[in-house]
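The values are calculated or read from the model by the stated rules, or taken from the named source; none is laboratory data. The structure presented is a predicted model; accordingly, all values stated were derived computationally and were not measured. Positions of Cβ are generated from backbone atoms using ideal geometry, with glycine treated the same way; all protein chains shown enter the neighbour counts.
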Amino acid sequence: MSELNSNKKNYSTLIILVLIISLGYTGYLISNLNKENHQISKELSNLLLENNEMNQILINQEGLSSSKKENLKENLKLMLFSYDSLEKSNTMAVDSINQQREKIVKLLSKVDQLNSKSKKDWRKIFSLKKEAETLRGIMKGYIHTIDSLNTLNINLSNSLTEKTNTLTKVSKQNKEIKKKNNDLEKKVALGAVLQAGNITVSAIRIRNSGSQSETTRASKTNMVKACFSLIENKLSLSGDKNIYIRVIDPSQKTLQSSEPITIQSDSGNNIEVSSKRVVNYQNENMDVCIYHELIAEVQSGSFSVEIYNDGYIIGTSSFALR
């Protein structure tokens, strides 16, 4: 009886072992079948995609004739020209643009190698057309980017022009202000120039005794005397002032001193004068006389006298000798 039970136990163990092995083998077969099914599904999808492409080719009839192939070539050449124009007009993405140009050149080479009448090349022509469309889309992106940059450049240029105009306007205003200041300085300088009034000029005869008397005869004249008043001027600087007289004879020559004196006028010209005197001016009316001693005889006729200070004529007068 115990032997029978032992045999039954061994038999059950054997059956379980067989079932386990069977289940394992069944799992292995199912796994392989799943892999094969996935591969078949993938191949089926590719076949369906290819079938759709072929249907598209047959529907559109694109690429079934030499004219369509030539159109593809012309489109590629036109696109190549467009890429060349992009390269010349913009340097922002030269490397990327050159890569796209190389792709177009390769596509043109492939198109030249195809036989549009051969059905086996239909798919290639269709594929090349899709690649060309992709390249065209990339080119449109470049054009959009370049247009955006050009717009930015135009805005920057307009801003720079506006700022330049503003600077020019400010510079012009500064020049006008500087000119006004210069004019004002000149007016102030002119306002500070001394003026001479109450001018009297006479010819002096010096006698052997040393006494002096006025004369109207040229042959008797030894000296010219000019007396005048320096008028009060609060704008002028006080202190020592160089006052000059210029005596001009009837022949328009300046009567010279034994030591010639030359000054510069307000216009920058050199002027010969006759005599000089230094006076201490304190911004009040001041009487001054300047004597010019003749170093040669003078001719009869009309003489004129000019009085100078700081290059400006501050008074004039005249006298005559017979």
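Condition check ((1) at pLDDT 80 or above; (2) surrounded by fewer than 10 Cβ atoms within 10 Å (Cβ to Cβ); (3) on the phi < 0 side of the Ramachandran plot) across all residues:
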| residue | (1), (2), (3) |
| --- | --- |
| Lys180 | no, no, yes |
| Asn198 | yes, no, no |
| Ser202 | yes, no, yes |
| Asn208 | yes, yes, yes |
| Lys234 | yes, yes, yes |
| Tyr244 | yes, no, yes |
| Pro250 | yes, no, yes |
For region 300-315, pairs from a residue that is closer than 19 Å to Asp240 by Cα to a residue that is surrounded by 15 or more Cβ atoms within 10 Å (Cβ to Cβ) and of a type in the set (Asp, Glu), with Cβ under 6 Å and 6 or more apart or across chains, are Ile313/Glu306
Would you confirm, using the coordinates I've provided, whether Ala218 is closer than 13 Å to Leu294 by Cβ and over 58 Å from the mean Cα position of the chain (by Cα)?
yes
Answer with yes or no whether Val278 is buried (at least 17 other Cβ atoms within 10 Å of the Cβ) and in a strand (DSSP E or B).
no
In the list Thr254, Thr262, which residue meets the criterion of being touching an Asp or Glu at 6+ places or on another chain (Cβ under 8 Å) and exposed (fewer than 11 other Cβ atoms within 10 Å of the Cβ)?
Thr262
Kindly indicate whether Asn269 is of a type outside the set (Gly, Ala, Ser) and either at positive phi or loosely packed, with under 11 Cβ neighbours inside 10 Å (or both).
yes
Matching residues in region 215-232 - criterion: being over 16 Å from Gly301 (Cα atoms) and either in contact with a strand residue (DSSP E or B) (Cβ under 7 Å, 6 or more places away or on another chain) or buried (at least 18 other Cβ atoms within 10 Å of the Cβ) (or both)
Lys225, Ala226, Cys227, Phe228, Ser229, Leu230, Ile231
Testing Glu284 on (1) surrounded by 12 or more Cβ atoms within 10 Å (Cβ to Cβ); (2) assigned to a loop (DSSP other than H, G, I, E, B), one condition comes back false. Which one is that?
(1)
